[in-house]
Amino acid sequence: MIKFENHIIFDDIESWPSAMLDLIRENEDSLKGFLEEEHRIGKLAREDVELRYNRPENIYREKWDEIISEIETLLKQHSIIGIHCSKLLDWEIKDIENNGLKPLDRDFANRRIEKAVKEGALSKVLSDKLIDKKEFSESNRKGYVWVFHCLETLTFESGLNRLLGLWGGESLYAYIKDNQELKTIGTPCIVFTSIKISELDIYPELSKRMTAFYFDDNYFPHDTDSIIKTDLNVLKVVKRDEKIFEELTGIENWDNERY
């Protein structure tokens, strides 16, 4: 298991603040009771249409809200790990390690392509298809860095196969039909970043998600993509040839034809 000093990893309970764990343990009956009651009420509502509109009150809600609010206050003081996966060239890895992970920007994306051509990693024919791609400026991509927070997500082949198998990131390889060249360049990398929880877009829900995770309950979803709109400090880049990469992903058992 990978560790980072003074940072929370969502699905590594040992990395959570001790004050948060104490709070959960001290109120375990009420918190667990709330989740169990929500599941019970939800089942009733699925069987009785009227209850969908007049949902019964959860008797543990007041205590739940009180403890969740306290957990939110605690979490504000901490940082959490954000995980980003991509296939990168050696000079890109060094740049990220030295200067952090940057949100998608058309000019920066074009410079990456031009440098890849100049250094002989990318053909001029393919680069002409990549320069100024419309995806670099789309509103759901431009200015964003996408990260997730659970180590378990690193084992999800279906979600990560293309990110780790094709150079450049989703905005670059998207809709490129002849992508064989993008498979042959770069190194699959896991980038671990540092994010202040107070600045996290899912912050208001994080305490609920983590509490549900503690009880191995799925009422609140665990991992999710987070959108970051600023440069991210990089704590570590794990490359494909490192033993820990296989330990984190189990990639040796993935479908290599697609990878």
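Annotations
- Hits in the range 140-158 - residues which are open to solvent by 60 Å² or more (accessible area, probe 1.4 Å) and farther than 20 Å from ASP231 by Cβ: GLU152, THR155, PHE156, SER158
- Of all the residues in the range 220-259, those that are farther than 21 Å from ILE93 by Cβ, more than 14 Å from the chain's Cα centre (by Cα) and surrounded by 15 or more Cβ atoms within 10 Å (Cβ to Cβ) number 2.
- Of note, ARG40 does not satisfy the criterion of being without any contact (Cβ under 8 Å) to a residue 40 or more places away in the chain, open to solvent by 50 Å² or more (accessible area, probe 1.4 Å) and closer than 30 Å to THR155 by Cα.
- Within the range 81-116, considering residues that are free of Cβ contacts under 8 Å to residues at least 12 places away in the same chain and charged (D, E, K, R), the one nearest to LYS142 (Cα to Cα): ASP107
- Positions within the range 203-250 being of a type in the set (A, V, I, L, M, F, W, C) and over 30 Å from ASN27 (Cβ atoms), in sequence order: ILE227, ILE228, LEU232, VAL234, LEU235, VAL237, VAL238, ILE244, PHE245, LEU248
- Of the criteria (1) open to solvent by 80 Å² or more (accessible area, probe 1.4 Å); (2) in a loop (DSSP other than H, G, I, E, B); (3) not β-branched (Val, Ile, Thr), which one PHE4 fails: (1)
- Qualifying positions in the range 168-181 - part of a helix (DSSP H, G or I) and free of Cβ contacts under 8 Å to residues at least 60 places away in the same chain: GLU170, TYR173, GLN180, GLU181
- Inside the range 101-155, residues that are touching a helix residue (DSSP H, G or I) at 6+ places or on another chain (Cβ under 9 Å) and not in a helix (DSSP H, G or I) make up a count of 17.
- Residue identified as loosely packed, with under 13 Cβ neighbours inside 10 Å, assigned to a helix (DSSP H, G or I) and among the acidic types (Asp, Glu) among GLU92, GLU50: GLU50
- Residue in the range 169-182 that is touching a Phe, Trp or Tyr at 6+ places or on another chain (Cβ under 9 Å), of a type in the set (Phe, Trp, Tyr) and open to solvent by 20 Å² or more (accessible area, probe 1.4 Å) present: no
- Test: residue in the range 158-167 that is among the charged types (D, E, K, R) and either within 20 Å of VAL238 (Cα to Cα) or in contact (Cβ under 8 Å) with a residue 40 or more places away in the chain (or both): yes
- One residue from ASP217, ASP201 being surrounded by fewer than 18 Cβ atoms within 10 Å (Cβ to Cβ) and touching a residue at least 40 places away in the same chain (Cβ under 8 Å): ASP217
- Residues located in the range 212-246, provided they are under 25 Å from GLU72 (Cα atoms), modelled with pLDDT of 95 or more and in contact with a Ser or Thr (Cβ under 9 Å, 6 or more places away or on another chain): ASP217, LEU232, ASN233, VAL234, LEU235
The values are calculated or read from the model by the stated rules, or taken from the named source; none is laboratory data. Remember, predicted model here, so these are calculated numbers, not experimental data. Methodologically, a virtual Cβ is constructed for each residue, glycine included, from the backbone with ideal geometry; neighbour enumeration extends over all protein chains shown. The accessibility values were calculated without ligands, DNA or RNA, using every heavy atom of the protein model including side chains. Shrake-Rupley method; radii C 1.70, N 1.55, O 1.52, S 1.80 Å.
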